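Trainee: My questions will all concern the structure given below.
The values are calculated or read from the model by the stated rules, or taken from the named source; none is laboratory data. For clarity, every value in this text was computed on a predicted model and none was experimentally measured. Glycine gets a Cβ as well: all are built from the backbone with ideal geometry, and neighbour counts include every protein chain shown.
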Amino acid sequence: MEKLSDTERIDDLQRGGFRIIQDSRLFRFGTDAVLLTHFARIRKGDRIVDLGSGNGVIPLLLCSLYDDISITGIELMQKNAELFRRNVVLNNVSDRIKVIEDDIKNVPSLFAPGETEAVITNPPYMKCEGALKNESPERAAARHEIYIDLDGIISAASYLLKFGGRFFMVHRPERLAEIFVLMKKHSIEPKRLRFVQSSAEKEPSMILVEGAKGGKEGLKIMPVFIIHDKSGELTEEYKKIYYG
C-alpha cells in the first residue's frame with residue numbers, strides 16, 4: 001500500500017485502472033494534459049519523450065491508451081521527479097516509463113539526435129517577467145518560463161525527433177504566432193491545429209498543436225473542441241475523452 005502524506009491523495013485516471021498520486025503543494029494536472037494525450041497521434045512501437053513531466057500524468061495517460069510504446073519523461077524539479085517515480089511504481093509500468101531528473105537543456109547529453117518518433121509537452125505558458133510571489137518553486141516552474149522558454153523546448157524536441165517524427169504541444173492561443181515561428185526555425189513543420197473553448201460563445205483558452213520534423217508545408221485546422229454545451233453540461237466529446 002502506497003503511504004501518503006497529509007497533502008497527498010490518489011486519483012483515478014479513469015483509464016484501465018491507472019491511478020496517480022497528487023500533492024496539493026505541487027502543481028496538479030488539469031484538462032490541458034488530458035486533451036493533449038488524446039490529441040497526440042501515437043503509433044505502435046513509438047519511442048516517446050515527454051518534456052517537463054511534472055508528476056508524470058502524460059506518460060501515465062499514454063500508457064493507459066497505448067500498449068506497445070516506451071516513454072521517457074524529463075523533469076527538473078526534484079519533488080516532482082520523486083512523485084513521478086512513485087506514480088510509475090504505483091501503476092507497475094517501470095518497464096515502459098523511464099524517469100530522468102534533469103534539465104531539458106541537457107537533452108543533447110542524454111540522447112542521441114533523432115532517437116525518438118514522438119515528443120510531447122505541456123510546457124509553462126507564461127513568460128518569466130518580474131518577481132513571482134506566493135508560489136512554491138514547483139508551481140512557479142510549471143506556470144512560468146523560469147528554467148526554459150519556448151525556444152528551448154522546441155529546440156530540444158527537434159533534436160530528439162527523427163525525420164518525420166511528430167511533435168505535440170498544448171499552449172495558449174496568444175502565443176500561436178511565436179510557436180509557429182519557432183517550430184519552423186527548428187525544422188518542425190506545423191501540421192495540425194485545434195482550438196479549445198470552454199463554450200461556443202467564449203474565445204479559445206487553449207491550442208493543441210502537432211508538427212512534423214522536416215515535414216512538408218500544409219496545416220490542417222481541426223474543428224474547435226468545445227468543453228461545455230449551451231446548457232452548461234459537459235459535451236459528449238469531452239466526456240468520452242475524460243471519462244473513457
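Trainee: What residue, of GLU178, GLU135, is touching a residue at least 12 places away in the same chain (Cβ under 8 Å) and acidic (Asp, Glu)?
Mentor: The conditions single out GLU178.
Trainee: Got a sec? Which of SER187, SER231 is modelled with pLDDT of 95 or more and hydroxyl-bearing (Ser, Thr, Tyr)? Steps first, answer last, please.
Mentor: Numbers: SER231 fails: modelled with pLDDT of 95 or more.
Step by step, each of SER187, SER231 is checked, and only SER187 is modelled with pLDDT of 95 or more and hydroxyl-bearing (Ser, Thr, Tyr).
Trainee: Quick one: is ARG43 surrounded by fewer than 18 Cβ atoms within 10 Å (Cβ to Cβ), under 26 Å from TYR238 (Cα atoms) and touching a residue at least 40 places away in the same chain (Cβ under 8 Å)?
Mentor: yes
Trainee: Taking the options GLU201, GLU189, GLU210, GLU236, name whichever one is free of Cβ contacts under 8 Å to residues at least 40 places away in the same chain, in contact with a helix residue (DSSP H, G or I) (Cβ under 8 Å, 6 or more places away or on another chain) and of a type in the set (Asp, Glu).
Mentor: Every option except GLU189 fails the conditions.
Trainee: Do any helices (runs of 4 or more DSSP H) lying entirely in segment 50-151 carry at least 1 residues that are among the acidic types (Asp, Glu) and surrounded by fewer than 18 Cβ atoms within 10 Å (Cβ to Cβ), and which ones are they?
Mentor: In segment 50-151, the matching helices (runs of 4 or more DSSP H) lie at 78-90.
Trainee: Going by what's in this entry, would ILE100 be described as more than 18 Å from VAL34 (Cα to Cα) and at pLDDT 95 or above?
Mentor: Here the answer is yes, as ILE100 does meet what is asked.
Trainee: So, in segment 195-239, of the ones that are surrounded by 11 or more Cβ atoms within 10 Å (Cβ to Cβ), more than 20 Å from the chain's Cα centre (by Cα) and among the hydroxyl-bearing types (Ser, Thr, Tyr), which residue ends up farthest from PRO123 (Cα to Cα)?
Mentor: THR235
Trainee: Give segment 213-231 a look and list any residue that's aliphatic (A, V, I, L, M) and either without any contact (Cβ under 8 Å) to a residue 60 or more places away in the chain or within 14 Å of GLU189 (Cα to Cα) (or both), or say none. Walk me through it before giving the result.
Mentor: From segment 213-231, those aliphatic (A, V, I, L, M) are 219, 221-222, 224, 226-227; that's our starting set.
Listed by number, the residues that qualify are LEU219, ILE221, MET222, VAL224, ILE226.
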